[in-house]
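Only one structure is covered here, and it is reproduced in the block below.
The values are calculated or read from the model by the stated rules, or taken from the named source; none is laboratory data. Because the structure is predicted, anything quoted here is derived from the model rather than measured. All Cβ positions, even for glycine, are placed from backbone atoms using ideal geometry, and neighbour counts span all protein chains on display. For accessibility, only protein heavy atoms count, side chains too; no ligands or nucleic acids. Shrake-Rupley method; radii C 1.70, N 1.55, O 1.52, S 1.80 Å.
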Amino acid sequence: MKIRFFIIACLFLFLSLSHGQFYSTGTAPYSVKYRAIKTDKFRLIFPEDIDSLAQRFASSLDYLYPHTSKTLRHEPSKIDIVMHHQSVLSNAYVVWAPKRMELVAVPPQKTYAHNWLEQLALHEYRHVVQVDKLNQGFTKGLSAITGQMGHGAMMSFLPLWFLEGDAVVTETAFTRTGRGRDPYFIQQVKAAEMQRSQRFKYDEFYLGTYKDFAPSHYHYGYYMVAWSRMKFGTEPWEKVIRHTGRRPFVLAPFYFKLKDETGLSKVGLYNATTDYLREQWMHEAPKKSEKPATTITTHFGSNYSSYRFPFQQPDGSVYALRTSIDDVARLVNIKNGKEENVHTLGYFQGSKVSHSERYAAWEEIHYDLRWEQRSYSVIRIFDKQSGKSSTLKNKTMHFAPDLNAQGDRICLVSYNDINNYSIEVYNVQTKQLVQRLKMNQTEQVSFPTWLDDNRIAFVMHSNQGKSIQEVTVSTGAIRELLKPGFENISYLEGYGEWLYFTFSIEGAENIYRLNTTSFELKRISNETIGGSFAAPSANTNMLLYSEYTARGYQPRAVKVENSAGTSIDSIQPHTYHLAETVTKQEPVNIQDSLIPQKNYPSRPYRKGMHLFNIHSWLVPFYMNLDELPDEQVQLYPGITLLSQSSLSNVTSSISYYYKDNQHHFKPSLSMRLFYPVLTLDYLYGGVSPIITSNATVSEKPAAIMNYSEFRTTLSIPLNFSTSRYPLNVVPALRYRYRNYYIA
């Protein structure tokens, strides 16, 4: 039975990895030069321009290595880690076949108060521990025959909610922050559990649903893993992974071992967790005493529609960014409950939409023409009078634009690919740079906003957390407005002597107001789930913002007097019970500790010397992947070796098989090193066909050579996608040779 299952599993592996197309995040420009840091735990491959970042990341990994492994009782084997620095798509991945971690070093504007690279070190390395631990028992035997692809395929037995939920628990447990303490992350589940009469079914959150917006497996996964650790400790998950790796042939090893250890099925764990959350949140719900906000009526038909960045025009209409589950992002104008689509945005990453009476500005993602690991964040400006939009400057890393009250100048965060931040000021009409204010290289800058024509406030993100700073445009002098802390701060909006911003000290995002002269700090909104995107109106005393609900962000308006609000002195910081529980289960808190900063020796990483990296193989049989998904696909004795370089710029394979008493040899190579992509395929062996004027005949002369076929393709994958119009073009030249004999 086990042998039969093994054959089926191997077939499944090849079906899922058809044509050897293993997971690739794309390639960086050939001009990028790399260096490598080697330790006994990892090899870190990084662009030479960001050596200081690489040294810091390597120090974090080295320090965290034994700690992130402790609760799973497994120290993983050595792994390659690749850093990218020319992409604005801030993310990271852990993939097997080939085994590696990839990360984008450019941090997002909207993130919780923890260093970006340390976030990735915690979260992504926990994935390495999870998957590497599977390599025991049956999985280890399968890996001996199939390489990394057999091991990687066993990941499918671990549900995504566990993989991601356990990683979010890790980033929360080892810090004073993490998404488990971030109300922006929490609010989706909180709204679903407190405002919906019926909870989502397990399959709806895990697989998604077109009927409504369900929080993802990250959100519910965190709570399911954290609640189970509070209830049963850390041991069950270590045993579940170990059992899954050793006995995947029971078909549902995760389910049965989870039930054995906790008495709960996956659905039972989900139900128990959400029961706990509902009870906890209902008990914590504050009593509202402030004057309730006025709802701005919208009539979009989606079950889930978010209206963010509201702004009131002089005529009383409200501009907002609308996103929904069944429509693309649009700038809309709301008047008397009716909505008008004003402009359709391109790929909007979501940092900010800024308004003046005449203009609106935001950032969009533009892709490089050829290289997947190079992308740009450009500022788009929409003229409300003419209805036309334009780009401030092409091929930039510009974030979080803010228009001044007059709408003639715009400030923004500028980032270059060697980790240098600056705040730049541009003339809106001429699009010329007016001033560049350089910031501290080691600290992230986000969400700048005009206080007046000569002062800009912004969020500074350092090892001490997030603070609010002010820079004088004419002199570059910086002063602190709000001391650093680990609560999240975002979406700053200046208005005279007041600075409005989103703050999360009470367990929910709400609008706070800081007097930049007296430093008086008060809470203005009092939303149970969350409120954000403050926009004070210049013509009235109204403050516009968006309240988060189970149906998305909804625009609100509240009248604000100078004395309005709840003083920060009377507000108690929120305690996150699950987060505190899992934190006590870990030995260190890296935000309360000083991670030793080491200086690792590094060497040039020569791409030409690392083209081949054999990661997977299949023995002792071969099947022609070109015949898939044909039900008659045949197996033959043979062997296949599969290779992919760590930088994903060369993919290759080589196969030998024995068919019809003939030897066959089949190598292939795809090179994405240079601007054109070169693909080579060769097949040698077997009987060469003989073509006659009537039909192919089966008899052949004795002098005919073995069959030989050669194919080569030279292509250039081009991405012309800009704004809201996706367009990919792949011009190609192909050549094919076959030694058919014509009789």
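Here Lys231 is the anchor, and the lysines within straight C-alpha reach of less than 30 Å, apart from those fewer than 8 places off in the same chain, are Lys70, Lys133, Lys190, Lys201, Lys239, Lys257, Lys259, Lys266, Lys287, Lys584. His123 sits with roughly 10 Å² accessible to a 1.4 Å probe, with DNA, RNA and ligands left out of the calculation. Listed by number, the DSSP H helices of the chain that run 18 Å or longer by alpha-carbon position along their axis and have mean Kyte hydropathy of at least 1.6 are 2-16.
Its relative contact order, with pairs defined as Cα atoms under 8 Å and 6+ residues apart, puts the chain at 13 percent.
With both labels modelled 7 Å from their Cα along Cα-to-Cβ, the Gln662 to Thr442 distance reads 6.8 nm.
Across the stretch 558-661, Cα pairs under 8 Å and at least six residues apart give a relative contact order of 20 percent.
Per-residue extension of 0.36 nm, minus the Cα-Cα distance of Gln435 and Ser462, leaves a gain of 7.3 nm for this segment.
Determine the per residue accessible area of the chain with all protein chains present and a 1.4 angstrom probe, expressed in square angstrom.
Details: 32150 Å² over 743 residues.
Each residue of the chain exposes 43 Å² on average to a 1.4 Å probe.
When Thr442, Thr516, Thr298 are compared by accessible area of protein heavy atoms, the largest-first order is Thr442, Thr298, Thr516, using a 1.4 Å probe. Straight-line reach only, C-alpha to C-alpha below 16 angstrom: list the lysines that Lys431 could link to, leaving out same-chain residues fewer than 8 apart. Counting by Cα, and skipping residues close in sequence, Lys431 has these lysines nearby: Lys388, Lys393, Lys395. The chymotrypsin sites (Phe, Trp or Tyr not before Pro) of the stretch 177-284 that DSSP puts in a loop, and whose beta carbon has at most 10 other beta carbons within 10 Å, are Tyr210. Distance between the C-alpha centres of the stretch 249-263 and the stretch 196-246: 15 Å, rounded to the whole angstrom.
Under 19 Å from a label point set 7 Å out along the Cα-to-Cβ vector of Thr517, the amide N atoms of the stretch 429-462 belong to 450-457.
Net charge of the neighbourhood of Tyr276, taken over other residues with C-beta under 11 Å away and scored Lys/Arg +1, Asp/Glu -1, is -1.
Annotation for Phe612 and Phe249: the two label points, set 7 Å from Cα along the Cα-Cβ direction, are 3.4 nm apart.
Ordered from highest to lowest accessible area with the whole protein assembly present and a 1.4 Å probe, Ser197, Ser24, Ser59 read as Ser197, Ser24, Ser59.
Here the spin labels are modelled as points 7 Å beyond Cα on the Cα-Cβ line, and at Ile478 and Asp212 they lie 4.6 nm apart. What a 1.4 Å probe finds exposed on the chain is 51% carbon and sulfur by accessible area, rounded to a whole percent. Charge dipole of the chain (Cα centre as origin; +1 on each Lys and Arg Cβ, -1 on each Asp and Glu Cβ, all else neutral): 1220 debye, rounded to the nearest 20. On the beta carbon distance between Arg736 and Ser156, with R0 = 41 Å, the FRET formula returns roughly 0.65. The shape of the stretch 250-310 comes out oblate: with a ≥ b ≥ c from the C-alpha gyration tensor, a/c is at least 1.5 while a/b does not beat b/c. Since only Gln591, Leu345, Ile704 are under comparison, the one whose Cα sits farthest along the positive direction of the charge dipole of the chain, derived from C-beta charges on Lys, Arg, Asp and Glu, is Ile704.
Other residues with beta-carbon under 12 Å from the beta-carbon of Tyr367 carry, at +1 per Lys or Arg and -1 per Asp or Glu, a net charge of 0.
Mind giving me the FRET efficiency for Ile568 and Gln195? R0 is 25 Å, r the Cβ-Cβ distance, nearest 0.05 is fine. Before the final figure, lay out the partial values.
Details: r = 27 Å, r/R0 = 1.10.
Approximately 0.35, to the nearest 0.05.
Summing Lys and Arg as +1 and Asp and Glu as -1 over all other residues whose Cβ lies under 11 Å from the Cβ of Glu709 gives a net charge of +3.
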